[in-house]
Amino acid sequence: MLGLNQKDTKFLLIVVALTLLTPFLTQPFAESSGLAQFNAGYPDLMQRFAIYGIFAIGFNILFGLTGYLSFGHAAFLGVGSYSAVWMMKLLTTNVIPGIILAIVVSGLFALLIGYVSLRRSGIYFSILTLALAQMSFNLAYSVLTPITNGETGLQLTLNDPRILGVTATPDGSIPATHLFGLEMKSSAQWEVFGHLFTFNVGYYFCAVMAIIAFYLSLRIFRSPFGMMLRAVKTNQTRMSYTGLNARPYTLAAFVISGMYAGLAGGLLASMDPLAGAERMQWTASGEVVIMTILGGAGTLMGPVLGAGFIKYFENIFSKINDGVLHGWFAFLPDGLEDFVVFLIHPFVGKGWHLTLGLLFMLVVTFLPGGLMEGGNRISRWYKNRRNKGTDTDEGTPHAPKSTPHVAE
Amino acid sequence: MGILEVKNVGKRFGGLQALGDVNLSVAENTVHAIIGPNGAGKSTLLNVLVGKLIPDTGSVMFDGQSVLGRKPHEINQMGISRVFQTPEIFSDLTVLENVMIPCFAKRDGAYRMHAFETVEDEVDIVQKAEQMLLDVNMQDKLRMTASSLSRGDKRRLEMAMCLVQEPRLLLLDEPTAGMARADTNNTIDLLKEIKDSRDITMAIIEHDMHVVFSLAERITVLAQGTPLVEDTPENIKGHPKVQEAYLGQAHG
Ligand SMILES: Nc1ncnc2c1ncn2[C@@H]1O[C@H](COP(=O)(O)OP(=O)(O)O)[C@@H](O)[C@H]1O
Ligand SMILES: [Mg+2]
């Protein structure tokens, strides 16, 4: 189906099912239960799963396949957001033109940055991307204030022309972002067995985009082009002595991943029409690196998992404050309770990055292939247990050692 | 005129004249060995031929066209393939993929973006690669990751990757360096087979005289960056200058 073999079709269908069912999956605990704070069924959080999933899928096409580690991809995310907001200021709050412009502009910007930084490889490439992205951030923050609105950030106002839309709604407010009339922020809610499920238009729009993004990346992974990108990662010397010019391949991968980032930026702006320079900062670039490595660079699902994992735990951990901790440990004697809260305090709330750092260290040390490797190890162990002796290793037909890269 | 004509090539590294004034002509469809003691400039010469180094003086013509100033991938596209001293393969890819990549390079040139076909759709290329691997007796290792191959198989794979492009000139830099005797003999057999079964010119740099005398039809002896003599293996064996410059020395 759709140019995919049976196994990949199954794989895509699983991804589709997962994204469509996210409102259920992220809401496992009843509202009234004490565990409700572990739910993640809020529209904006679910949107972020999908959006950062797209960002990481794109990043993985560059980093996972070619091995070129960019530390500046947030610049493309930011450019995407600015482009989309401008479209919503000038043209219409329908999200489609904004998203198209976001993809185009960030693609062109990636072409420029990639052209410059791909003259080097390894650490020099990484530093160049970092420097160029930091320059972009500083430009956005100060010099380009007329375009970016500086530190306040670019927003919709009641003075925007919006020539194809309306400047203001009849009741005098700024029009909401929509898809041909369907407002992004509108949601349907369904309450059942004490669970409150929210079906948000914005989320489903992002989810459809994410599925398309995933599908395209799957096609790239399976294509001769994807194979060439893996060849770049493995041995550039052999590549050039085989008559291949690695540069256009890496540049193409760079631009594609920049366009994915632009799409993610455009979607962020479509969900909340606002773009600030901090979206381009190096911490944001670092985040997508961590997502990809944590999930499993070079695997198809890894980056999505990594993005979901980080966005979920960011949400959970940063919500936990001392009050919540005291609530949890109230059963302990007072002195001990305070002590335990004191111990945990640095890891939650604002200290969530400390926890992320520790998790990242653990994963990189014990599971260099990321969460995907963890998943594969478990499933292999489970398979071995289930059919001891009979070697029906369906996943890897007559492969003493299959290629880890293209594995799901 | 030979398929490869090297004229007055000189290359200096700082104060060191690595190549003095090299003239070399390799005739089509022959195996031409270049021998010489360590530091004689053999690898430097090879690097000039493949575009990795640009000589200070002289010219290098391949099939009537100059190779100087061209990038390695452009020179490969002209029909020159190279086997390295330590095999350069795509170690994270499967054996089959390793051989498919040169097929793509041959068919599509230095760059073409096939992003929306699957690798399996390329039936012709898969078949060609499989046939090549059958020829070098690796048909049962198609799906293995190249890094898990034995040293000898890696060498075989690299040869297959070069041969599948049907190069007009195959350059080999010490293909048996560091190999056990059995592996060396296998490599000799493989090269003999290649030489007998197709129209190919080979220039081979080699330390091991056993290999050189089993394969070469012509030998150039290089010493201190200049060719001493060029002759047939029989004549080289008895040549006093060669004895003195090279064969008299212990291998090393
Ligand atoms: N890139 C380089 N920079 C400086 N000196 C070099 C370089 N490459 C080779 N040489 C020197 O040139 C001489 C010839 O080297 P090489 O061609 O590797 O010899 P061979 O392969 O015959 O052993 C040696 O003295 C070597 O040290
Ligand atoms: Mg050498």
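Annotations
- Distance between the range B:19-51 and the range A:2-73 - C-alpha centres, whole angstrom: 57
- For chymotrypsin sites (Phe, Trp or Tyr not before Pro), the sites in the range A:111-202 that DSSP calls loop and that have at most 10 other Cβ atoms within 10 Å are A:Phe180, A:Phe193.
- Label point of A:Phe329 set 7 angstrom out along Cα-Cβ; within the range A:31-48, no amide nitrogen lies under 17 Å from it.
- Other-chain or far-sequence residues with amide H under 5 Å of B:Leu228's (modelled H): B:Val221, B:Leu222, B:Ala223
- For the range B:1-143, the fraction of alpha-carbon pairs in successive 10 Å shells from zero, as %: 10, 32, 29, 21, 8, 0
- Take every pair of alpha-carbon atoms less than 8 Å apart whose residues are at least six positions apart; their mean separation over the length of the range B:1-88 yields a relative contact order of 30 percent.
- Lys/Arg +1, Asp/Glu -1 at C-beta; chain A dipole; positive extreme among A:Gly335, A:Thr355, A:Val166: A:Thr355
- Calculated FRET value between A:Ser186 and B:Glu74, using beta carbons and R₀ = 56 Å, to 0.05: 0.45
- Separation of the alpha carbons by more than 26 angstrom is noted, of A:Lys311/A:Lys383; A:Lys233/B:Lys195; B:Lys7/B:Lys42; A:Lys10/A:Lys319, for A:Lys311/A:Lys383; A:Lys233/B:Lys195; A:Lys10/A:Lys319.
- Modelled FRET efficiency - R0 60 Å, A:Leu108 with A:Val340, Cβ distances, 0.05 increments: 0.65
- Average beta-carbon neighbours from other chains, 10 Å sphere, peptide A:28-36: 0
- Taking only the C-alpha atoms of the protein assembly as shown, Rg followed by Dmax gives 30.7, 104 Å.
- Across chain A, the relative contact order, built from alpha-carbon pairs under 8 Å that are at least six residues apart, equals 26 percent.
- Among the chymotrypsin sites (Phe, Trp or Tyr not before Pro) found in the range A:349-381, not one is both in a DSSP coil and sparsely packed, with 12 or fewer other Cβ atoms within 10 Å of its Cβ.
- Spherically averaged projected area in nm², based on the convex hull that wraps the Cα atoms of the range B:88-164: 4.9
- Rh by Kirkwood over Cα pairs, then Stokes-Einstein D for chain B at 1.306 mPa s and 10 °C, µm²/s: 84
- Under Karplus coefficients 6.51, -1.76 and 1.60, residue-wise ³J(HN,Hα) of the range A:160-169 in Hz, glycine/proline x: 5, x, 6, 4, 9, x, 10, 5, 9, 6
- Paramagnetic label zone (point 7 Å from Cα along Cα-to-C-beta, A:Leu196; backbone N under 11 Å) in the range A:18-36: A:31-32
- Annotation note: chymotrypsin sites (Phe, Trp or Tyr not before Pro) in the range A:261-337 located in DSSP loop regions with a Cβ neighbour count of at most 10 within 10 Å are A:Phe331.
- Here the dipole of chain A is about 1780 debye; that uses its Cα centre as origin and unit charges on the Cβ of Lys and Arg (positive) and Asp and Glu (negative).
- Principal-axis tilt of helix B:123-135 within chain B, Cα atoms, nearest 10 degrees: 50
- Whether the range A:277-317 is rounded, prolate or oblate, judged on the alpha carbon gyration tensor where a/c under 1.5 counts as rounded: oblate
- Given charges at Cβ of Lys, Arg, Asp, Glu: the range B:85-213 dipole, positive-most of B:Ala180, B:Ala110, B:Met132: B:Ala180
- Along each principal axis, Cα extent of the range A:12-124, largest first, Å: 56, 40, 28
- Compared with the direct C-alpha span, the chain from A:Ile123 to A:Lys350 gains 78.6 nm at full extension, assuming 0.36 nm per residue.
- As a length-normalised measure over Cα pairs under 8 Å and 6 or more apart, the relative contact order of the range A:1-140 settles at 20 percent.
- For the range A:132-210, radius of gyration divided by Kirkwood radius, i.e. Rg to Rh on alpha-carbons: 1.13
Each value in this text was obtained by applying a stated rule to the coordinates, not by laboratory testing. Nothing here was measured: the structure is a model prediction, and the numbers come from that model. A quick note on method: Cβ atoms are made from the backbone with ideal geometry, for glycine too, and the neighbour counts reach across all protein chains shown.
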